[in-house]
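Written out below as structure tokens is the structure these notes cover.
The values are calculated or read from the model by the stated rules, or taken from the named source; none is laboratory data. Just so it is clear, the model here is predicted, and its values are computed rather than measured. FYI the Cβ positions are ideal-geometry reconstructions off the backbone, even for glycines, and counts take in every protein chain you see.
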Amino acid sequence: MDFSVKRGEIFGLIGPDGAGKTTTFIILAGVMEAISGEVVVLGKQPRAARLDLGYVTQKFSLYADLSIGENMRYSAGLRQVPEDVFEARSQQLLKRVDLHRFTDRLTGQLSGGMKQKLALCCALVAQPKVLLLDEPTTEVDPVSRREFWDLLATVAAEGVTVVAATPYLDEAERCSRIALIYEGELQQIGTLDELRDSLGLSRIEVRAGELLKAEAVLSESGEQIKDIQTFGDRLDVMVTDADQGQQQIRRVLEQNNIALKDMRPDEATLENVFVNQFRRDRLTVALAFFLPLAILLIYGYAI
């Protein structure tokens, strides 16, 4: 895996469970050393750069039996924040996330969204140059998720470099650049537009009367149609040409007596890119495993 992140950039990591996102953060934070390769954070080895890092772990790790204010003070102490600047800085951060009114409340009594906002404040209290966030909004309500990412945009605009893993692709679309990883390897990296363009396909949204049947017959029709992805009550049909693709979709559904409710072309989403890449990766892994086995069985020798 080889990538670099610029100052003030929001860099997103996305990938399926077990892809290696959390391991990447643990290494960047200096908690664990990489087995091979070179890791440099702010021109230093990760352990040497730890005082310049803020880290929000995937699992909430603050003390439930301490108050908001006590957790802030404890985090500041670990990061060697001078006492004479702590109070003003702490209040400023807590006001940003509307927690300043609850400094005496026990952390264990907070909602999921409030806990994550507190974790972010604790990570920012030492004014880090790099902020590492490992799926920070998991199990957080949609409103709190939006507020959280609005704050990240402000933090990045102030010059802090943000590296964030997220399971929510709508969040990833707010990143300056995005990296797709699978089984510890970097598959794609770029801006949202660059990743969309990498597909080389147009997206057609299709809503039909019999969705499962529509998906089956369209998948078998070939020609323009290269991939079909199901999202709720619609199909995202990926085609090589939008106009010809729509003609083929209409023709195939009519031939199979399937009512076409709605059909419209639109730009590919990050979810389309992710699903397409994930399917290709799984196919590559399957071929790498089964092809040598098939040759052995058919021809009697291994490759």
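Based on this model, can you work out whether residue 25 counts as aromatic (Phe, Trp, Tyr), surrounded by 17 or more Cβ atoms within 10 Å (Cβ to Cβ) and in contact with a Phe, Trp or Tyr (Cβ under 9 Å, 6 or more places away or on another chain)? For residue 25, the condition - aromatic (Phe, Trp, Tyr), surrounded by 17 or more Cβ atoms within 10 Å (Cβ to Cβ) and in contact with a Phe, Trp or Tyr (Cβ under 9 Å, 6 or more places away or on another chain) - is met. Among the residues making up segment 96-125, a single one is of a type in the set (Ser, Thr, Tyr) and in a helix (DSSP H, G or I): 107. Within segment 46-84, if we keep just the residues that are at pLDDT 95 or above and among the acidic types (Asp, Glu), the residue that is nearest to residue 130 (Cα to Cα) turns out to be 70.
The residues in segment 196-227 that are at pLDDT below 90 and part of a helix (DSSP H, G or I) can be counted, and the count is 4. Among all residue pairs at least 6 apart or on different chains, which show Cβ distances below 8 Å where the first residue, located in segment 220-241, is free of Cβ contacts under 8 Å to residues at least 24 places away in the same chain and the second is acidic (Asp, Glu) and not in a loop (DSSP other than H, G, I, E, B)? The qualifying pairs are 228/215; 228/236; 230/215; 230/236. Of all residues in segment 34-74, those satisfying the criterion of being under 12 Å from residue 122 (Cα atoms) and touching a Leu at 6+ places or on another chain (Cβ under 8 Å) are 53, 54, 55, 56, 62, 68, 71, 72, 74.
The condition of being farther than 25 Å from residue 278 by Cβ and surrounded by fewer than 18 Cβ atoms within 10 Å (Cβ to Cβ) holds for only one of 33, 9, that being 33. Only one of the numbered conditions (1) among the hydroxyl-bearing types (Ser, Thr, Tyr); (2) surrounded by fewer than 17 Cβ atoms within 10 Å (Cβ to Cβ); (3) more than 30 Å from residue 97 (Cα to Cα); (4) in the same structural domain as residue 23 (by the TED database) is violated by residue 168, and that is (3). The C-beta contact set for segment 138-160 (first residue in contact (Cβ under 8 Å) with a residue 24 or more places away in the chain, second residue part of a helix (DSSP H, G or I) and surrounded by fewer than 19 Cβ atoms within 10 Å (Cβ to Cβ), distance under 7 angstrom, 6+ apart or interchain) comprises 139/112; 140/112; 151/96.
Evaluating residue 91 against the criteria (1) without any contact (Cβ under 8 Å) to a residue 40 or more places away in the chain; (2) of a type in the set (S, T, N, Q); (3) not in a helix (DSSP H, G or I) leaves one unmet condition, (3).
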